[in-house]
Amino acid sequence: MDFESNYEISRTVDYLRAGNFTRVALQFPDELLKDSPRVAKVLRSELGAGVRLFVMADAAYGSCCVDEIGASHVDAECVVHYGHACMSPTSTLPAMFVFGKASIDIKDCADQMGHCLSSTNKPILVLYGLEYSHALMHLKTVVAESTVLSHSNSGPMLNYADVIGSVINPSQDCTTEKVQIRSLNDSITNAGFTSGGDEKKILKFGNGRRMENGTCFELGGLTWRIPSDHKIEDYLLFWIGPENSAFTNVVLTFNNCEIIRYDADERRLLEDFSGQRRILKRRYYLVEKAKDANIVGILVGTLGCAGYLSITQQMKELIKGAGKKSYTLVMGRPNSAKLANFPECDVFVYVSCAQTALLDSKEFLAPIITPFEAALAFGRGRQWTGEYVLNFHDLMVSCGPEAVSGIKEARFSFIKGGYMEDIQPEENGEHEERSLALAETTEKALNLQSQHPNTIMFKGAARSGSEFFAARSYQGLNRQYENLAPQSYAIGRSGRASGYADEKMQANESPGAAV
Amino acid sequence: MVKFTAEELRRIMDLKHNIRNMSVIAHVDHGKSTLTDSLVAAAGIIAQEVAGDVRMTDTRQDEAERGITIKSTGISLFYEMTEESLKNYKGERSGNEYLINLIDSPGHVDFSSEVTAALRITDGALVVVDCVEGVCVQTETVLRQALGERIRPVLTVNKMDRCFLELQVEGEEAYQTFQRVIENANVIMATYEDTLLGDVQVYPEKGTVAFSAGLHGWAFTLTNFAKMYAAKFGVDESKMMERLWGENYFDPATKKWTNKNTGSPTCKRGFVQFCYEPIKQIISTCMNDQKDKLWAMLQKLGVTMKSEEKELIGKALMKRVMQTWLPASDALLEMMIFHLPSPAKAQKYRVENLYEGPLDDIYANAIRNCDPEGPLMLYVSKMIPASDKGRFFAFGRVFSGKVATGMKVRIMGPNYVPGQKKDLYVKSVQRTVIWMGKKQESVEDVPCGNTVAMVGLDQFITKNATLTNEKEVDAHPIRAMKFSVSPVVRVAVQCKVASDLPKLVEGLKRLAKSDPMVVCTIEESGEHIVAGAGELHLEICLKDLQEDFMGGAEIVVSDPVVSFRETVLEKSCRTVMSKSPNKHNRLYMEARPMEEGLAEAIDEGRIGPRDDPKARSKILSEEFGWDKDLAKKIWCFGPETTGPNMVVDMCKGVQYLNEIKDSVVAGFQWASKEGAVAEENMRGICFEVCDVVLHADAIHRGGGQVIPTARRVIYAAQLTAKPRLLEPVYLVEIQAPEQALGGIYGVLNQKRGHVFEELQRPGTPLYNIKAYLPVIESFGFSSTLRAATSGQAFPQSVFDHWDIMSSDPLEPGSQAGQLVSDIRKRKGLKEQMTPLSEYEDKL
């Protein structure tokens, strides 16, 4: 595929000219970085000297999101994003997306799809990676021709998802986050969604919005609509593209649907997604584990996605409401070493775009969960019924003000296999008896010390960071002044930390022993 | 017709000297439930005629179908004793009315947790032993448990009818058998010397042993016969009793008592002459339908039969006659009332076992004195499913004070720590209930010394709890029960329809409540796990889960899963080193197996994180040959800070070492929970920190750098020290006749088991076989065994120890290697183990 069309140079130029942008940031993912000089050069020659172009790479968070912070460092007026995108709305800058054009054998794909059509009686919904969107029109016509040939009657229905658009404009989508939430809420109530108060109902439809003429879904830059008498579970989802995070997003969100993936590179159909389903179960375990946590760290994993501030705030309130302590941390992309610097946190909530939200590794000291999972874990009386939301925008809609019902039952912890008591944010008992309350608090203060530090440190019994630090065995500098006379000085080590000079020498002398 | 009302019961509940709380314990199939029937019948709850067939206390359908007791069932019975029968009673009493709170418990080893729960709330135990089979495994286990709880036992030698009808043994032979049974029981009891409890052994001549035939509803103690003959011989009753047991012979020809057999044909042992022979005679006349002879004999004994009963023949007649002559309830009740302690008496010495707090505070005193005016102390030992599905009665015993309907109580759960709010609730009791047969009666309140069921607390109690008054913030909880079995058999359950998940979650919650032992947890992979003591236990639990607690929603149950442990065989072949992510810090470590017995000592809590370092180093140096100084350098135990692995500091002169200790410990807790081989818990590994190189700036040696490094170096040390898997092993006891032995050995061999003891039961054709059997091979063992021995062998398995698997798990294709790859697959891990090079760094 030729360079100009692959990078959509002309469309980019049109867009930049139309917007009258003079400072433009070009954001490349690592794998496309090698093409960036050429793209910049071609664009410059097209646009002339009046437009300044900046190449951005190595985003602090996922490269699928628009790096608005990076762009604002150069005072860019807009961002052109290349490569795989999660299409999360931006909060300040307009952005244009160039998905690239991955090669696909349309004939083969259509054949395979036709094969699918003949083997199922479910209607088929075609979803695809955004890099294949360029081939969609062609595919549609090829499939239409072949189905007409093979089936005289219409047969099972085919439904294609559309791309939302390759331009995101913050001024339209959301000037301020609050406006956006309201508008989303409005759209729901306007759409005749009657049971607005019923939280569960909303959750259930958190993935789709009801319209007059059907249910409208939006996921990872795709949008589609199904008739109101159909449910998404009735569809066979046909995914064109590789097994990447966008696909995982689809599998998890529509975990009740039958899904078939067409791999364009290998030209074959794949149907076994037990790996992805396993992820779902694992996430379920993490939710259960989060319920037992006392201290929660909120990791801010995006500084670009619109609404990240309000979801962070919402998480804080949720955690506080559940009687737990929260700390907000901004640390770029989390890794085990960074997380282990906060051993007091029993669980982390990672606020990020939908496609980088799933972080699970054996290397992490504490599990990382998504805001949706946090809502399940910390919202009282909530139960997981199978639906899954990765995008926090859907979540902001779905969990409005928590209806605090009176605690009917103690919480059962499956991690510990018994009832666990959660601290209630407001304790009614203490108002009734002031004298007793005083006695109890002093007693508590006295008892704290008797609790063995081990249980606080390593069993997650700490209620706050300060309690955790108080339990540490190391409290300050060592004082080893047994003999007060000054010691004679010795020559220290030299060299690099990975192996000091004297150690290197040892290693050379006896290579066998040092291995 | 029920002979008593709830009001009557409630009245006696206040008379703390007239209450007996007792459990019936025995080996499986020794006739507990059947015998209990006789007692229930005497209280009028079921008809005398059907006693022994109804098995009143087996309330569940599956209990009736299988013919075994599964849940322990409590029942409150009321008896009015005659003045005459009580005249010899020396203890305190008020009136002649007695309340017996009786708990029938299961005999199968898989349900021993039910026995534990029953024992906690009773003061005495009726130990039932089959006169032919004798003292069996489970008899021994429950007896030990009872004595550990300071429960006073009395014994009944049951199934006497087998002697007369089935085996037709002669008097002297029967005596020898009984004597041996009693001796065997006494041997066990004698090991529990307890000054406060006094002599707990049982003696027929003191009236603490009864002889019963539960199926036919008759029983006697020597007291019965002594009373009969005392007048005749003109001697004291107690003197007569002594003569009826042991080496006392009577020759009717000379009418003389001697201390040994004179050799004359008419000279017989007292017991044989005066107890065994008359019964044998009556039974044989009944069975032979010699009615004329029978009526004459009965008249002599002072037994009158109703006219319609005289029409009966054969077995029915025999049953009726024996029931009238020697009613089981009279003998057993008398034994209980005379020899089992009242709550007032028992709580004096049990308080030490029960109360966790200081033994001189008001709560301890209230328990000690069984004070109804004192603060409420109540222990809930189990939850009983109520008739409306999903709700539970909290069943327990009031140790002091009173619990009343509508009362607000403080619920202290098993994790409650005095002074804190953890695991503590204040709720009100909706209703207090007592059990009368199959139905429950509400009562206003229940005073101390009684068992009680409460409504409205089930959503705050998982399995057990201590209840006290709302205001009693200083009260300590009552000590948690110690179970003799552990939940080693696990299955993963999931619902067939994904949207039933909330139902499953709810069902598991209820299941966890309904059984004292079952554990419902969730695996790292997100699977729900149900763990039970054995195959049968799990089967019952899963049936309950699906049918009762999930409203019939279908579940899918995986094959049983056994958890393994990871250990090491030798010391690491070299000191391994790992670098921190920033490469500025290095940890050097070695792993070595712990000394034999040390892991067990940690399990038992003899050595633990909270020991005084001096005491710990004494045990370690004296018993395990540790260096005294080294014993003081133990950094921690793990997993869960108490597990049987440890980290020991062997470094010399390392700067900032104290700073990273917490981080290393955190890494160790994490690593020891998920070992490098198959992410199973580690066991019996001692990690030695050999050397540490740290960056001079504190910021570069923080937790973030050290915790992941400590984990990696621990894994590297484990992998270089010949890692091995440990598998759980059952101790299996099998009782079978000689001809079944071949089949037993065959099955055991095929299942990797090995026999280490084979004993013939003296006086019987039965053999007792003890063997070790890997838990993983035990699934389907009982049925295979039954098939191989045509149903003659019945195994009882209890978890015994962890056994090392000799094959190398690192070698693919070996037995352990296969196991590891199965475990990893099940857990959703990479099938290939992470190689050592991922954990170990080079300089």
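The numbers here are math on the coordinates, done by the rules we state, and not lab data. A quick note: this is a predicted structure, and the numbers were derived from the prediction, not measured. Cβ sites come from the backbone with ideal geometry, for glycine too, and all protein chains shown count toward neighbours.
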5 angstrom amide H check on residue A:413, placed H, neighbours 5+ away: A:418, A:419, A:420
Segment B:695-843: equivalent-ellipsoid semi-axes (sqrt of 5 x gyration tensor eigenvalues, Cα, Å): 47, 16, 12
Tally of Lys pairs whose C-alpha atoms are under 13 Å apart, taken over segment B:573-671, 8 or more apart or cross-chain: 7
Sorted largest first, extent of segment A:214-356 alpha carbons per principal axis (Å): 47, 35, 30
Cα→Cβ-extended label distance, 7 Å offset, between residue B:80 and residue B:832, nm: 8.5 nm
Along each principal axis, Cα extent of segment A:3-98, largest first, Å: 32, 26, 19
Those residues of segment A:246-286 whose amide nitrogen sits under 13 Å from the label point placed on residue B:499, 7 Å along Cα→Cβ: A:256-257
Computed magnitude of the charge dipole of segment B:684-742 (debye, nearest 20; Cβ of K, R +1, Cβ of D, E -1): 380 debye
Segment B:80-146: chymotrypsin sites (Phe, Trp or Tyr not before Pro) in DSSP loop, at most 14 other beta carbons within 10 Å: B:89
More than 66 angstrom apart: percent of Cα pairs within the protein assembly as shown: 22 percent
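Provide B:285, A:22 in ascending order of the number of other Cβ atoms located within 10 Å of each residue's Cβ, fewest first. It would help to have the intermediate numbers written out before the result.
Working: B:285 21, A:22 14.
So the residues, fewest neighbours to most, are A:22, B:285.
Would you mind counting up the charge near residue B:800? Only other residues with Cβ under 11 Å from its Cβ, with Lys and Arg at +1 and Asp and Glu at -1.
Numbers: positive: B:770; negative: B:733, B:803.
With Lys, Arg at +1 and Asp, Glu at -1, the net is -1.
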Amide H contacts of residue B:355 (H built 1.01 Å from N, under 5 Å, at least 5 apart or other chain): B:479
Hits among aspartates and glutamates - C-alpha to C-alpha of residue B:16 under 13 Å, sequence gap 8 or more where chains match: B:92, B:97, B:123, B:371, B:373
Volume per residue of the C-alpha convex hull in segment B:660-712, rounded to whole Å³: 76 Å³
Whole-Hz couplings from phi, Karplus 6.51/-1.76/1.60, listed for segment B:769-775; x for Gly and Pro: 10, 10, 8, 9, 9, x, 4
Paired Rg and Dmax values of segment B:481-528, which use every Cα atom, in angstrom: 12.2, 38
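Can you tell me the dipole magnitude for segment A:3-98 around its Cα centre, using point charges on the Cβ only (Lys, Arg +1; Asp, Glu -1), in Debye to the nearest 20?
300 debye
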Added length on full extension, which subtracts the Cα-Cα distance from 0.36 nm per residue, residue B:630 to residue B:361: 92.8 nm
Partners for residue B:825 among lysines (Cα-Cα distance below 19 Å; same-chain residues under 8 apart left out): A:281, A:362, B:673
Over the protein assembly as shown: helical MRE at 222 nm, DSSP H runs n ≥ 4 each giving -39500 (n - 2.57), nearest 500: -10000 deg cm²/dmol
Exposure proxy order (Cβ contacts within 10 Å, fewest to most) of B:127, B:518: B:518, B:127
Volume in Å³ per residue [convex hull over Cα atoms, computed for chain B]: 191 Å³
For segment A:281-290, Karplus couplings with θ = phi - 60° (6.51, -1.76, 1.60), whole Hz, Gly/Pro x: 5, 4, 4, 4, 4, 5, 4, 4, 5, 5
Farthest positive-ward along chain B dipole, Cα basis, beta-carbon charges - from B:297, B:365, B:658: B:365
Value of relative contact order over chain B, rounded to a whole percent, pairs C-alpha under 8 Å and six or more apart: 9 percent
Computed over segment A:305-378, Cα set: Rg, Dmax in Å: 11.9, 30
Residue A:270-residue A:415 FRET efficiency (beta carbon distance; Förster radius 56 Å; 0.05 resolution): 0.95
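Taking only C-alpha pairs under 8 Å that are 6+ residues apart, what is the relative contact order of segment A:3-98 in percent?
Computed over segment A:3-98, the figure is 33 percent.
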Sorted by Cβ density within 10 Å, fewest first, the residues A:346, B:559, A:502: B:559, A:502, A:346
Pairwise FRET efficiency - residue B:825 versus residue A:225, Cβ, R0 = 41 Å, nearest 0.05: 0.50
Amide proton proximity set for residue A:157, modelled H, under 5 Å, gap of 5+: A:124
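What does the charge add up to near residue B:592, with Lys and Arg as +1, Asp and Glu as -1, over the other residues with Cβ less than 10 Å from its Cβ?
Charge balance near residue B:592 sits at -3.
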Net +/- balance of residues flanking residue A:51 in space, Cβ distance below 12 Å, scoring K and R +1, D and E -1: +2
DSSP H segments from chain B that extend 27 Å or more along their own axis, Cα-based, with Kyte-Doolittle mean of 0.0 or above: none
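How high is the relative contact order of segment B:601-688, given as a whole-number percent (alpha carbon pairs under 8 Å, six or more residues apart)? All intermediate terms of the calculation are to be shown ahead of the outcome.
Details: 112 pairs, mean separation 22.6, N = 88.
So the answer I get is 26 percent.
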